[in-house]
1. Using per-residue counts of other Cβ atoms within 10 Å, averaged over each peptide, order 286-294, 136-144, 381-389 from highest down.
2. Give me Tyr129, Tyr376 sorted ascending by neighbouring Cβ count inside 10 Å, so fewest comes first.
3. Over the range 2-109, what is the relative contact order in percent, taking alpha-carbon pairs closer than 8 angstrom and at least six residues apart?
4. Provide the per-residue ³J(HN,Hα) series for the range 102-109, in order, calculated from phi with Karplus coefficients 6.51, -1.76, 1.60 and θ = phi - 60°, each as a whole number of Hz, with x at glycine and proline positions.
5. Can you tell me how the range 322-431 classifies by the Cα gyration tensor, rounded, prolate or oblate, using a/c under 1.5 as the rounded cut?
6. Determine, from the Cβ-Cβ distance of Asp13 and Ser61 and an R0 of 22 Å, the FRET efficiency 1/(1 + (r/R0)^6), rounded to the nearest 0.05.
7. Hey, what did the range 118-437 get for relative contact order, percent, Cα under 8 Å, at least 6 apart?
8. Sticking with the crude label model, points 7 Å out along Cα→Cβ, report the distance from Asp105 to Ala143 in nm, one decimal please.
Amino acid sequence: MKDMVFDLKTPADVMKVVREHNVRFIQFWFVDVLGDLKSFEVTARELPAAFGEGMGFDGSSIHGFARVEESDMLAMPEPSTFQILPWRNEEYLVARVFCDILKPDLTPYEGDSRYILKKVLKKASESGYTFYLGPELEFFLFASRTQPVPLDVGGYFDAPPVDLGVKIRREIICALEDMGIEVEYSHHEVASSQHEIDLRYQEALRMADIAVTYRIICKEIAARHGCYASFMPKPIFGINGSGMHVHQSLFKNGKNVFFDASDTYHLSKEAKGYIAGLLTHSREICCVTNQWVNSYKRLVPGYEAPTYIAWARRNRSTLVRVPMYKPGKENATRVELRSPDPACNPYLAFAVMLAAGFKGLEEGYDLPDPVESNIYEMDHKALVTHGIGSLPDSLYEAAQEMGSSTLVRETLGDHIHEKLYRNKMIDCSEYNTLVTKYEIKEYLQQL
């Protein structure tokens with residue numbers, strides 16, 4: 001289906017493709033406040049009207065959207081995101097298009113995650129900057145969706161026959177490429193039945209759309225093989241969880257402004273301010289980049305997930321890593337935030353990390369020295385000496401940090417900030433009242 005990758009800019013471009021390829025149904029995609037995909041389907045006949053005036057729907061049943069008395073919403077499709085879905089094999093084709101959510105007066109809806117990211121990118125654009133992102137979304141393949149039973153016992157970079165997921169990964173990559181999504185490489189990850197497919201960096205809004213598409217494609221292709229793709233951060237005790245390391249760079253006038261050949265670390269003043277912003281606000285944005293109770297089972301020492309707030313070039317125990325500069329590849333200079341997990345809302349996660357970095361860049365935050373020694377081996381005294389803090393160790397702590405954060409509130413807006421905080425506090429309350437297998441095992445016969 002590589003001949004079905006289109007460069008579309010207008011509704012007329014889309015309608016031409018729909019006619020030429022007999023596309024009968026178009027799925028309108030958007031996400032709720034937690035990043036879960038929501039969709040409804042229209043026929044090709046309804047598409048011209050949808051481009052003109054949007055398609056109305058009831059927003060009161062969408063998580064984090066409107067109250068009943070404010071529920072009328074419009075889904076306005078964005079032509080450039082139209083793409084035929086590669087896994088449909090009927091006599092007709094089905095496509096998808098991402099939508100912006102509008103209020104009845106056609107103004108942006110403040111509960112639309114995509115709109116939030118657009119606002120952050122617009123602010124950067126007004127200063128001449130373009131953000132590029134390259135996330136690494138890890139996932140597990142399990143025998144079913146009800147129990148985390150691995151399909152193999154492979155490890156990092158293991159090859160077949162130990163790696164039993166290679167065929168599934170290849171089909172996922174083919175589906176991604178059929179939708180015009182560029183893939184750099186793929187491999188088996190550290191944990192049993194854990195995988196990673198790395199996407200070529202893109203402009204931030206397009207990358208957020210790609211991340212949503214990627215998760216759906218992984219699940220669709222896995223289901224074809226009778227298994228289940230999970231982006232749960234820590235599904236199995238005692239082995240590595242799944243992260244979403246996010247590589248970030250900033251361009252101006254076609255040049256990577258993070259690179260400075262004269263600097264010891266080949267980092268510009270802008271890059272250093274950006275990294276300092278990520279470090280300074282890391283605790284505040286953690287509830288957005290790691291939004292589940294389960295997320296904090298991954299963010300513990302010993303499983304390659306960062307817990308300490310520091311940066312380095314070689315050291316993978318730090319929160320932020322700057323890959324080593326390679327001569328002649330100035331445009332590849334970037335910073336890698338290692339804390340997010342793939343179960344986040346990518347629009348909101350990208351928005352807050354870009355806002356944090358840009359805040360540091362704008363205000364010229366001072367960047368501390370890099371920490372190249374293994375932080376996991378440092379005692380408390382050494383951590384204090386190096387001025388190294390830590391990320392929240394629970395969702396409750398992260399939610400409290402987010403709740404009092406001016407930066408996050410300004411970035412997300414009052415509506416989403418309030419909805420997300422309230423949802424996370426409900427999660428914490430429900431989790432705190434849950435009686436676990438651990439408690440039964442440890443206490444039932446003792447007390």
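We did not get these values from a lab; they are worked out from the coordinates using the rules stated. In this text the structure is predicted, and so the values were computed from the model without any measurement. Cβ placement follows ideal geometry from the backbone for every residue including glycine, while neighbour counts extend to all protein chains displayed.
1. Packing order, densest peptide first, comes out as 286-294, 136-144, 381-389.
2. Ranked by crowding around the Cβ, least crowded first: Tyr376, Tyr129.
3. 30
4. Per-residue couplings from phi come out as 10, 7, x, 7, 6, 8, x, 7 Hz.
5. oblate
6. 0.10
7. 19
8. Spacing of the two 7 Å Cα→Cβ label points: 5.8 nm.
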